[in-house]
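S.K.: Quick one: this structure, given as structure tokens, is what I'll be asking you about.
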Amino acid sequence: MDVLATRRVLFRFILLLGSAFLAEPVVAETINGKVVGVSDGDSLTLLISGNRQVKVRLDGIDAPESGQEFSQNAKEGLSRLVFGREVSLRVTGKDRYERTLGVIFVGGVNANLQLVRQGLAWHFKKYSDDQELAQAEIDARAARSGLWAGFDPMPPWEYRALKKRPQGIIGSAPAGSDSSGATATAFWLNTSSNARHNSSCRWFGETKRGRYCGPEEGKACGECGG
Ligand SMILES: [Zn+2]
């Protein structure tokens, strides 16, 4: 064998080896089915062959939680896009609630991406480094589409974290508080420094001494603007 032939054989061997190792992650599983339920802005139920139902969590995005502003719009947006339609699900994994994670395609449209473009969901950066989703959120914010039309919306993951806190601000408002009770406690006051942090700040709920407070208390944090 001459050098070239040897190289060719070697190249084929590497290709073969490569495809054997890559076969699993590269060839993603695709499931076709009909959307028979939409639970919220980022999860749905798919009816697939064998009359089986699959709970799906849209991967890489996070829609406002029920109880948050815009959650109903997000749910309606996803319904408009997919409910009752035949779709393909590109499976990417399972989430910790055993729901199937994936990307939904409906009539050639990537529904996950579409929802972020329309300002109906956030790019779920903690679990996704998808550049298209990142750019879609930047564009939606710039256009003030959907949830970005409002003032400084709270990311759903922060909202969930807040709900888990024992003295969480969401849920039962203190007795005697009016409907503005929610915003009256939407900030965090560092009671040592008297600095007030908004919910996007890294110090929100994280200072050693502190409590939830209203927008008028303390001095605005230099970092987040309070
Ligand atoms: Zn701050």
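S.K.: If you scan segment 171-207, which residues turn out to be modelled with pLDDT of 80 or more, more than 10 Å from the ligand (Cβ to nearest atom) and more than 29 Å from the chain's Cα centre (by Cα)?
M.R.: Result: T191, S192, S193, N194.
S.K.: What are the pairs, 6+ residues apart or on separate chains, where a residue within segment 194-213 that is within 23 Å of P153 (Cβ to Cβ) and part of a strand (DSSP E or B) has its Cβ under 6 Å from a residue that is at pLDDT below 85 and more than 7 Å from the ligand (Cβ to nearest atom)?
M.R.: Pairs that qualify, where the first residue is within 23 Å of P153 (Cβ to Cβ) and part of a strand (DSSP E or B) and the partner is at pLDDT below 85 and more than 7 Å from the ligand (Cβ to nearest atom), are Y212/I169; Y212/T185.
S.K.: Further, regarding this structure: Might you check whether a residue that is touching a residue at least 60 places away in the same chain (Cβ under 8 Å), surrounded by 15 or more Cβ atoms within 10 Å (Cβ to Cβ) and part of a strand (DSSP E or B) occurs anywhere in segment 66-73?
M.R.: yes
S.K.: Sticking with this one: Does E223 meet the test of being within 12 Å of the ligand (Cβ to nearest atom) and among the charged types (D, E, K, R)? If you could, list the steps in order and put the result at the bottom.
M.R.: Working: within 12 Å of the ligand (Cβ to nearest atom): yes; among the charged types (D, E, K, R): yes.
Answer is yes for this residue.
S.K.: Moving to a separate point now. Could you please give the count of residues in segment 93-105 that are surrounded by fewer than 16 Cβ atoms within 10 Å (Cβ to Cβ) and either at negative phi or outside any loop (DSSP other than H, G, I, E, B) (or both)?
M.R.: Number of matching residues: 5.
S.K.: In this structure, is L120 within 14 Å of the chain's Cα centre (by Cα), hydrophobic (A, V, I, L, M, F, W, C) and either part of a loop (DSSP other than H, G, I, E, B) or surrounded by fewer than 16 Cβ atoms within 10 Å (Cβ to Cβ) (or both)? Even if it seems obvious, please write down each step before you answer.
M.R.: Details: within 14 Å of the chain's Cα centre (by Cα): yes; hydrophobic (A, V, I, L, M, F, W, C): yes; either part of a loop (DSSP other than H, G, I, E, B) or surrounded by fewer than 16 Cβ atoms within 10 Å (Cβ to Cβ) (or both): yes.
In short, yes.
S.K.: Has segment 108-117 got any residue that is exposed (fewer than 15 other Cβ atoms within 10 Å of the Cβ), at pLDDT 95 or above, under 20 Å from T30 (Cβ atoms) and of a type outside the set (S, T, Y)?
M.R.: Yes - at least one qualifying residue is present in segment 108-117.
S.K.: Let me ask another. Condition first: under 30 Å from F151 (Cα atoms) and either over 18 Å from the mean Cα position of the chain (by Cα) or among the hydroxyl-bearing types (S, T, Y) (or both). Can you find one or more residues in segment 49-61 that meet it?
M.R.: no
The values are calculated or read from the model by the stated rules, or taken from the named source; none is laboratory data. Please read all numbers here as calculations on a predicted model, not as lab measurements. Neighbour counts run over all protein chains shown; Cβ positions are idealised from the backbone, glycine included.
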